[in-house]
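Asker: Below you will find the structure I want to go over with you.
Each value in this text was obtained by applying a stated rule to the coordinates, not by laboratory testing. Source: prediction; values computed, not measured. Neighbour counts run over all protein chains shown; Cβ positions are idealised from the backbone, glycine included.
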Amino acid sequence: MNWKLKKEIIEKLEKEKGYKVTKRGGDVNLLFIYPNEYSTSVNNLGYTGLYKLLNDQEGILCERAYIPSDWKRRENFKVYSMETFRSAKDFDVWLFSVSFELDFFNVIQILSMEKIPILSKERDDSFPIIIGGGIALSSNPEPISEVFDLVFIGEGEDFIEEMSLMLLTKRENNWDKKRFLIEAQNIEGVYVPSFLSAVYNKDGGIEKYMGSQKIPIKRRIYLNFPEDPMVSPIVTDEAAFSDMALCELVRGCKYQCRFCLAGYFYRPYRASSIDKVYKKVKELYEEQIPKLGFIVPTIDQSIKFKGIGSYLKSEEIIISFSSLRLEDITSDILDIIGLTNQKTVTIAPETGSDRLRRVLNKKFTNEDILNFVEILKDYPVNTIKLYFMLGLPTEEEEDIQKIVELITNIRKINKNIEISTSFSTFIPKVHTPFQWEKLAEKEYILETQKFLKKNLKEISKLKIEMKDYYWSLWQGILSRGDRRIGSLWNYIYKDGLKKNVLQKFLEEDSWAKEVYLYKEKGSTEYLPWDIIDTGVKKEYLWKEREKAYRGEITLPCTQNCKMCGVCT
Ligand code: SF4
């Protein structure tokens, strides 16, 4: 093993506080691979949480692996386990956690560097069993499904227990890979891609699947979440939230934003409580309680923040919420901003007009945003972050002009606050009401970005981040594609992850962009991700799309609702 890499791993382990694996050797040795750098892996609560859960299983030893930090400069790199520096090839099972579509590239890179055949069907029993999970893979495994022996769909807590038992049974009975996969397909949420093959029609769509596994594959939901919230067992100063234990206070989101995959994929909305989370933190960290970072998609009144004040007096708690829903701002929520001394608040207006915001199912108005900015003057907040998307369904020139108007008005109300804006390209996400939409053309996005930069440049203390269209395009292809992407994996496997290699695919397989991104899908079309049943009915999504076009609002999830099909 390269001494520089070993040193890098030792330094990282020395900085980690919290959970340490004490087992040495297991009946089944599993390598839990995060196909990106270490600092990203420790920010992923699903990854670190399941790492401990795996090691809690009898007979299973789980070690972590990530991509070395200097890998982009190196022609060659190998993956080693963090805990015992063993080569990846020494493990019985590889489990990939894939939360971002662009990490698909890195999965292929790892296979190439380790000289592991790319397709499941090309690997015999001498290779490790390769399993994948994580939202990017779970929501539409098809573009990369044939690489994995088995893909897990949904939330992992129960799956870990059942899969561990299955792996131990395989070992006890000396099953070969085929027998193992036949048995494993009976675990809810398990998809064995090699058991199916896709038949395509002449319009470029999917005609049907043939093979032995029953589809669609039902997404696994962890209903015990309110009693057993996820808490990060490891803290380190290398994470974005330095030395902070991330705590998942809620799973899912009750608002029904029509563009949001997480909002649709993690239904139903489930809330735990501060007390439950804190109990788990105490079990994990005993006397040395770290700072706590509560993850909630958005703060709303249903989250039980009562009692947080007493914790705040004795502990350092940071609440991280991706954005605020302004229609739900209450004095309690404002108290939290004050008590936790938040310096930055984030709002996602998404667009500049109230009309287009309703299309997305966001009810708050520009007036609500401006009123909130006024209120913030009484709090120690010094930065307001605003997230926008360009190329949204029904977007017109007026919606873009209103973005300029909105930011200008925020500046007028508060001359001192830093305004940080981010503009990304709307990607029609799978399993959402916008799954049938097209991606906006490059020319339109570049023109719009230019217009905004020109018209916002006079505003003081304003940061503008324009996300690169090129990577949105790739994210779109990887999230919406099907098995025919296979040629791309072959290019990367052979020639490495280079821009000219990606370009080669875009040129030689130009149909992929057309079919996956620039063609509106039909209501009855079989979509590559229809192979997954999230529980949300397709008819519901279509109705939501029609409501979007009429600018009608759908109310947040409530008790006893049976609207989308997830709650029974
Ligand atoms: S059935 Fe109703 S409450 Fe349940 S997830 Fe769907 S919309 Fe939300």
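Asker: Output the peptides 15-23, 160-168, 355-363 sorted from most to least packed, where packing is the average of other Cβ atoms within 10 Å over each peptide's residues. Intermediate results must be reported in sequence, preceding the final value.
Answerer: Details: 15-23: 14.4, 160-168: 19.6, 355-363: 21.9.
Ranking, from highest mean packing down: 355-363, 160-168, 15-23.
Asker: Also, quick follow-up: Which peptide among 379-385, 49-55, 145-151, 285-291 comes first, and what is the full order, when sorted by highest mean count of other Cβ atoms within 10 Å?
Answerer: Details: 379-385: 15.9, 49-55: 21.7, 145-151: 24.7, 285-291: 12.9.
Answer by packing, highest mean first, reads 145-151, 49-55, 379-385, 285-291.
Asker: Here is a further query. Under the 0.36 nm per residue contour assumption, what length would be gained going from the current alpha-carbon distance of Y549 and E58 to full extension? Before the final figure, lay out each step's value.
Answerer: Details: separation 491, 0.36 × 491 = 176.76 nm, distance 5.27 nm.
Extra length from Y549 to E58 when fully extended: 171.5 nm.
Asker: Next question. If a/c stays under 1.5 just call it rounded; otherwise compare a/b with b/c (prolate if a/b is bigger, oblate if not). Do that for segment 1-97, with a ≥ b ≥ c from the square roots of the Cα gyration tensor eigenvalues.
Answerer: Working: a/c = 1.62, a/b = 1.40, b/c = 1.16.
Prolate shape, in that a/c is at least 1.5 and a/b is the bigger ratio.
Asker: Sum -39500 (n - 2.57) across every DSSP H segment of at least 4 residues in the chain, then divide by the residue count to get the 222 nm mean residue ellipticity, nearest 500.
Answerer: On the way: 19 runs with 195 residues, N = 568.
-10000 deg cm²/dmol, from helical runs alone.
Asker: Positive end of the dipole of segment 440-534, charges at C-beta (+1 Lys, Arg; -1 Asp, Glu), about the Cα centre: which of S510, L497, G476 has its Cα farthest in that direction?
Answerer: Ranked along the dipole, the leading option is L497.
Asker: Any of K52/K362; K538/K562; K363/K537; K385/K562; K170/K280 with alpha carbons more than 26 Å apart? Name them for me.
Answerer: Details: K52/K362 37 Å; K538/K562 14 Å; K363/K537 24 Å; K385/K562 35 Å; K170/K280 33 Å.
Beyond 26 Å between Cα atoms: K52/K362; K385/K562; K170/K280.
Asker: Loop only per DSSP, at most 15 neighbouring Cβ atoms within 10 Å: give me the GluC sites (Glu not before Pro) in segment 407-452, ordered by residue number. Intermediate results must be reported in sequence, preceding the final value.
Answerer: Working: sites: E418, E437, E441, E443, E447; in loops: E437, E441.
Hits after loop and neighbour filter: E441.
Asker: In straight Cα distance, which aspartates and glutamates are under 14 Å from K4, not counting same-chain residues fewer than 8 positions off?
Answerer: Straight-distance partners of K4: D70.
Asker: Further, regarding this structure: Using a Cα-Cα cut-off of under 18 Å, which lysines could be cross-linked to K519, ignoring same-chain neighbours fewer than 8 residues away?
Answerer: Straight-distance partners of K519: K202, K429, K438, K442.
Asker: Mind giving me the nanometre distance, one decimal, between the label points for I215 and T558, set 7 Å out from Cα along Cα→Cβ?
Answerer: Calculated label separation equals 3.8 nm.
Asker: While we're here: For the pair E367 and N186, what calculated FRET efficiency results from E = 1/(1 + (r/R0)^6), where r is the Cβ-Cβ distance and R0 = 51 Å, to the nearest 0.05? Intermediate results must be reported in sequence, preceding the final value.
Answerer: Working: r = 55 Å, r/R0 = 1.07.
Efficiency computed from Cβ-Cβ geometry: 0.40.
Asker: Only four residue types carry charge here, +1 at the Cβ of Lys and Arg and -1 at the Cβ of Asp and Glu. Report the dipole size of the chain about the Cα centre in Debye, rounded to the nearest 20.
Answerer: Working: 84 positive and 85 negative charges, 115 e Å.
Here the size comes out at about 560 debye.
Asker: Could I have the simple spin-label model distance between C567 and W542, label points 7 Å from Cα toward Cβ, reported in nm to one decimal?
Answerer: With each label placed 7 Å out from Cα toward Cβ, I get 2.5 nm.
Asker: May I pose another question? Once each part is reduced to its C-alpha centroid, what is the distance from segment 464-481 to segment 7-31 in angstrom?
Answerer: 35
Asker: Could you give the length gained on full extension between E172 and Y526, defined as 0.36 nm per residue of separation minus the Cα-Cα distance, in nm?
Answerer: Details: separation 354, 0.36 × 354 = 127.44 nm, distance 4.10 nm.
123.3 nm is the gain from fully extending E172 to Y526.
Asker: If the only charges are +1 at each Lys and Arg Cβ and -1 at each Asp and Glu Cβ, what is the size of the charge dipole of segment 349-415 around the Cα centre, to the nearest 20 debye? Don't skip to the end; give the middle numbers.
Answerer: On the way: 11 positive and 12 negative charges, 60 e Å.
That gives a dipole near 280 debye.
Asker: Something else about it: Give the value in nm², to one decimal: projected area of the alpha carbon convex hull of segment 3-218, averaged over all directions. Can you show the working numbers first?
Answerer: Details: hull surface 49.9 nm².
About 12.5 nm², averaged over all directions.
Asker: Turning to a different aspect of this structure: By per-residue mean of other Cβ atoms within 10 Å, what is the highest-first order of 83-96, 248-261? Please report the intermediate quantities before stating the final value.
Answerer: Numbers: 83-96: 18.7, 248-261: 22.1.
Most protected by this proxy first, the peptides run 248-261, 83-96.
Asker: Taking the Cβ-Cβ separation of E11 and K467 as r and a Förster radius of 45 Å, what is the calculated FRET efficiency to the nearest 0.05? Walk me through the numbers on the way to the answer.
Answerer: Details: r = 32 Å, r/R0 = 0.72.
Efficiency, from the Cβ-Cβ distance: 0.90.
Asker: Out of all DSSP beta bridges with both ends in the chain, state the antiparallel percent to the nearest 5.
Answerer: Values: 13 of 65 bridges.
The antiparallel proportion sits near 20 percent.
Asker: Would you mind working out the magnitude of the charge dipole of segment 3-218 relative to its Cα centre, with +1 at each Lys and Arg C-beta and -1 at each Asp and Glu C-beta, to the nearest 20 Debye? Before the final figure, lay out each step's value.
Answerer: Details: 29 positive and 34 negative charges, 138 e Å.
Roughly 660 debye for segment 3-218.
Asker: Let me ask something additional. List the cysteines in the chain whose Cβ has no other cysteine Cβ under 4.7 Å from it.
Answerer: Singleton cysteines: C62, C247, C253, C557, C561, C564, C567.
Asker: Length gain on complete extension for the stretch T330 to N76, per 0.36 nm per residue less the alpha carbon to alpha carbon distance? Walk me through the numbers before you get to the answer.
Answerer: Details: separation 254, 0.36 × 254 = 91.44 nm, distance 5.39 nm.
Stretched out fully, the T330 to N76 stretch lengthens by 86.1 nm.
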